[in-house]
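Remarks on the structure that follows.
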Amino acid sequence: RRMAASAASALAQVYPAEAHGRRTRHARPVSAPAVALPPPALPVLDLPGSEPDRADPPAPSPVRKRMPADLPAADLHTFNIEEGFANRAEAGYTRSVHITGDSPAFSSLWHFAGMNIFNGKVVVLKESTGDAWVPGIAVGGLVRTGDRFVSGALNQALTGKLKSYTNGDLYAVATKTWAKPPLPILANFGLKFTNASIYGIGGQATRFGGRLFGGLGIPLPGPWKTVIVPAAGFTQEPPQVVNLSKILYPPPGKAHIPTTLDYAVRVTQRNNPHFAFDIGVGQVAGTIGTTAAATPQGPQLIPVDLKARSVMGIGLSYRP
């Protein structure tokens, strides 16, 4: 689901005089920028043990996805290591580290340390094979284990048993780098089959189904031999989440989970890039439905507003 983009290589072709005559090494496909931020999703009111446990924040991480303090999911850090093979394949592992939130009603849905993510991708067709207009084609997948967010927490609230889910994605993506003046572009478009809502942070989807995703970036020359890539992307989300309909009103309720949008900027080196810095804003979910809240006056219907239409993310990556 990543936006395969070699911004430094593209800029070296568009602005050859600034490449100092050196051949730019083509970086492995990375997201541009990789800050499609999965914010909190799918809360429920009046769950047992809903008063949040306070946790000391961990040491600064390579990737920090920041949620406002009054949102259920609070902060999420991710640590990732990736290995490439002959410029044809890659495999990696990601660990998410979650800091519990401050919402007494909602945060218990994310009172878990995080989850494990294993990913792999293979290049089926390299870019410009046979013709300059031919895109690169890649296929890949990932598996998330230990996902107890939302669906697992709701299972505990409804049945008394905490359930850990395993979910994943299978995808195919076409990528094109157009490194020609006056305006170079980096674009991708793909199809994924997934049973995870909002990258697993929103819980387990009710079925394994197809969703579209894509992105567009414009590499621009920056100061100090850098490349600046403003980019925008989208990811369609599964429509429903396991166990969620049981707490939405009128029962069985249906959640409204919109397409995730992200707007970000990546800064990296122009020649032989070793680092990338990403910063961006994600638009995810606002009001996803209605639920009943227990009050001293009795149950009352209230909108489930996640206040996640604007969340911020920061990322830092390095390759030797």
- Between Phe275 and Arg88, how many nm apart are label points set 7 Å from Cα along the C-beta direction? 3.4 nm
- Message: Under the rule of at least 5 residues apart or a separate chain, name every residue whose amide H is placed under 5 Å from the amide H of Thr290.
- Response: Tyr249, Val304
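Per the Cauchy relation, a quarter of the hull surface: what is the mean projected area of the convex hull of the alpha carbons in region 81-152, in nm²? Please report the intermediate quantities before stating the final value.
Working: hull surface 28.1 nm².
Projected area, direction-averaged: 7.0 nm².
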- Setting aside same-chain residues fewer than 8 positions from Lys176, which lysines have a Cα under 23 Å from its Cα? Lys121, Lys126, Lys192
- Quarter of the surface of the C-alpha convex hull for region 164-305, i.e. direction-averaged projected area in nm², equals 12.1 nm²
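If we count other beta carbons within 10 Å of each Cβ, what is the order of Leu109, Leu301, fewest first?
Details: Leu109 30, Leu301 10.
The fewest-first ordering by Cβ neighbours comes to Leu301, Leu109.
Would you work out if region 156-230 is rounded, prolate or oblate? Take a ≥ b ≥ c from the square roots of the eigenvalues of the alpha-carbon gyration tensor; rounded if a/c is under 1.5, else prolate when a/b is larger than b/c, oblate otherwise. Please list the in-between numbers first.
Working: a/c = 5.17, a/b = 2.46, b/c = 2.10.
Taking the square roots of the gyration eigenvalues as a ≥ b ≥ c, region 156-230 is prolate.
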- Just tell me which lysines come within less than 20 Å, Cα to Cα, of Lys163; anything on the same chain fewer than 8 places away is out. Lys246
- Item | Residue order, fewest to most beta carbons within 10 Å, for Arg266, Arg88, Arg95 | Arg88, Arg95, Arg266
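Using the alpha carbon gyration tensor of region 102-220, what are the three equivalent-ellipsoid semi-axes (square root of 5 times each eigenvalue), largest first, in whole Å? Write out the running numbers ahead of the final one.
Numbers: eigenvalues 289, 50, 22 Å².
That gives 38, 16, 10 Å for the three semi-axes.
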- Query: Excluding same-chain residues fewer than 8 positions from Lys225, which lysines have a Cα within less than 21 Å of its Cα?
  - Reply: Lys180
- Tell me, what ³J(HN,Hα) does each residue in region 135-140 have, in order and in whole Hz, if you take phi through Karplus 6.51 cos²θ - 1.76 cosθ + 1.60 with θ = phi - 60° and put x for Gly and Pro? x, x, 10, 9, 10, x
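At R0 = 22 Å, how high is the FRET efficiency between Phe193 and Val124 if r is their beta carbon distance? Nearest 0.05 is fine.
On the way: r = 17 Å, r/R0 = 0.76.
The formula returns an efficiency of 0.85 here.
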- Point-charge dipole on Cβ atoms (K/R +1, D/E -1) for region 90-198, about Cα centre, debye to 20: 140 debye
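Computed from the coordinates by the stated procedures, all read-outs in this text should not be read as laboratory data. Just so it is clear, the model here is predicted, and its values are computed rather than measured. No Cβ is skipped: glycine too gets one built from the backbone with ideal geometry, and neighbour counts run over all protein chains shown.
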